[in-house]
Each structure stands twice: as C-alpha cells, then as structure tokens.
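The values are calculated or read from the model by the stated rules, or taken from the named source; none is laboratory data. Please read these numbers as outputs of a predicted model, since none were measured by experiment. Quick reminder, even Gly has a Cβ in these numbers, built from the backbone with ideal geometry, and neighbours come from all protein chains shown. Quick note on the areas: whole protein, heavy atoms, side chains included, nothing else; ligands and nucleic acids left out. Shrake-Rupley method; radii C 1.70, N 1.55, O 1.52, S 1.80 Å.
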Amino acid sequence: TSTSSSSSSDSSSSSSLIPSSSSSSSSSSSSSLSSITKTEDLGSAVAETPTVEKNGRLERGHVVLARWSDEGWYFRGKIVSPTPTGYLVEDNSGHREEIDTSHVLADELDSKQVPREGSHVVALHPDYSFSYAPARVTNTEDGWFYAVEFYEGTEAEVPREELYLIGEEQFQGDVGFIRAIEEALLGSFVVVRDDTDGLYRRGMVAKSSGRSYDISLNGETIQQDPSQVFPDSKKAGAPLSVGAHCLCPLDGLQNTFSPAAVTIVNTDGSYGVKVHDGSELYSVDRTSIFPINEDFYLNATNFIKSREV
C-alpha cells in the first residue's frame, strides 16, 4: 500500500496502515500517485502511455483506483502486471498487492455510466486526502455534483469525476470488509508516530473509525492517520538490500523506532543500518523492522527535524 491522510495532516506516506497507499498529501515526490486526481492526465504519472485493451483489461502502467487490504478503502495505484484474477498493483510507497478485478476501478470503464439516486458508489471522502470509500447517492439534481452518504454516515457533495459506480453486492462487501478490519485492530499493539518528536513508538489501538485511529501512547490517547500506524504484520516482506529504507528499533524491547537506511547485509541475514541522526546499528534482525520507501524515509526524517526546532 497505500500511501493517505487527513486533509490537515502532514502524512509521510500515501497509504493506509502501510507506508503508502494509499495516501499522502505531503509527499515530496512529484510522481507520487497519491497526488494524482481523476481530472489530471493519468499518462503523466507513468513512463508509458496506458491504454485499455480490446477485452477490457487494463495494461501495465495504467493508474487506477484500487481497494487495499490493509484498510479496505480505495487509493490510487499503478498496474504492474495482469494476474489470472485481477492485477498486481503498486502504490506510491512501492508496496505491491494482487487485487481482484472487481476492486480495481478505472475512468475508462466507468465514465459512460450514469449515477442515479440510490446508486452505490466509491467516492472521494471530504475529510481525507486522496481517499475513496463506499457510499450511496442520495441526490442527483445538481447534474455536476452528487449528494452522497458514506458508509460511516458522512454526507458530502462529490463531483462526477470523483465517484465510481459499483453494485449493491460489492458495496455491502466493501463495507463489511472495512468493518472487520476496524474491529480486528481494536486492542492490538502497533507502532505509531509520536508527533512530539517524530519518532515511532509502540502503542495500542483504542478506537478505529473511518480513517481515524485513537492510539493509547505513553499514558495518553492520540489521534493518528493510518499512514503513520504500523501493525506487526507490516514487518513481513522480502529481504532488504543495501540502500533500502526502514523503520528500525532503537531498543531491544522494540518500543521506539527511527527511520533508517540499510548500509550492509550481514552474513547471518541481519542488517547494519544508519538511523536518522547519523548513528549506526550493526546487527538488526529483519523481523524487527518495517520496510518503507525513500519518500517516506525523507518525509519522516524531515518531520523529526521540524520537531527539533
């Protein structure tokens, strides 16, 4: 995933619980998929000119809206390759996920449909940047903007180019999927950015609603965007190479994490890393770190520096 964020936050990533998706309004990368809206030239975000094949399948490089498994919300991604049941999609953090065709939405496959009152859609949420969620159309009288009610009760007017029609069965499935993820996270331990100094610390999810998380951290309850929340499942992944970036524990109990860069791969599979302040660790186990991409690393280190002022 992902890399996204509340419109008022300074997310370091685009996605969701992943350093993503899905989801960032402040990425320093000019090619960040999270900054692409439906009204922009999709071809400008990829190296090749994407097209829709005659059989309706989307080609490699096509920028789409996809449902990511970490949150259940929809975010921008780029098709890496087709699969037997869908597509391998990459978010703006570099996270790749195989996503079923029914959860990959594209302008070319949606633009000829006409929303009506009662239609089920995936629409741009007014409270979170570049984040789309299941909703129901409640009024179509304007012609340019459609009144919708999102699955969690938020009401908004959304332009036609920022909503996609889906069937009722898919709507119910999407809502159920999101609710299950929210319930599963309650009470679980995660690593979350502490905005007081920008480092990442272990906390517990106290409440999850939409794309807002209440986290118990150091005896207090904070709110944090999902792009800055890392469950332990996000430690999984392929081995890292020299130059890769990660969130690395600074203590043996794995209570505090810092953005870091891999400087060496040891013969036992552990890593030597240089953390944000220039100090080095020489034997960090792969199972204790969270992979992140360069953009996330740069944004995270810049945020830490801003806290030092």
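Given the pairs Lys78/Lys234; Lys207/Lys234; Lys78/Lys305; Lys207/Lys305; Lys78/Lys274, which are separated by over 25 angstrom at their Cα positions? Please list the in-between numbers first.
Values: Lys78/Lys234 21 Å; Lys207/Lys234 20 Å; Lys78/Lys305 32 Å; Lys207/Lys305 29 Å; Lys78/Lys274 31 Å.
As for pairs spanning more than 25 Å Cα to Cα, those are Lys78/Lys305; Lys207/Lys305; Lys78/Lys274.
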| field | Point-to-point label distance, Thr263-Leu88, nm (Cα→Cβ direction, 7 Å offset) | value | 3.3 nm
| note | Quick calc, Asp285 & Glu108: beta-carbon distance into FRET formula, R0 45 Å, rounding 0.05, result 0.50
| query | Per residue Cα convex hull volume for segment 47-171, in cubic angstrom? | reply | 116 Å³
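Determine the sum of side-chain charges near Arg116: Lys and Arg each +1, Asp and Glu each -1, restricted to other residues whose C-beta is under 15 angstrom from that of Arg116. Kindly include the intermediate steps, with their values, before the conclusion.
Numbers: positive: Lys112, Arg136, Arg160; negative: Asp110, Glu117, Glu141, Asp142, Glu149, Glu168.
Net charge around Arg116: -3.
Let me check I've understood the local charge: for Val191, count other residues with C-beta under 13 angstrom from its C-beta, Lys and Arg +1, Asp and Glu -1. What total comes out? Can you show the working numbers first?
Values: positive: Arg193, Arg201, Arg202, Lys234, Lys235; negative: Asp194, Asp232, Asp251.
After counting each charged neighbour, the total is +2.
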| said: With a 1.4 Å probe and all protein chains kept in place, how much accessible area does Phe177 have, in Å² rounded to the nearest 10? | reply: 70 Å²
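Sorting check: for 85-91, 64-70, 187-193, which peptide has the highest mean count of neighbouring beta carbons within 10 Å, and how do the rest follow? Write down the numbers at each step before the final one.
Working: 85-91: 21.7, 64-70: 24.1, 187-193: 19.4.
By packing density, highest mean first, the sequence is 64-70, 85-91, 187-193.
If I stretch the segment between Lys274 and Gln223 completely, what's the gain in nm (0.36 nm per residue apart, minus their alpha carbon distance), one decimal?
Details: separation 51, 0.36 × 51 = 18.36 nm, distance 2.91 nm.
Gain in length upon complete extension: 15.4 nm.
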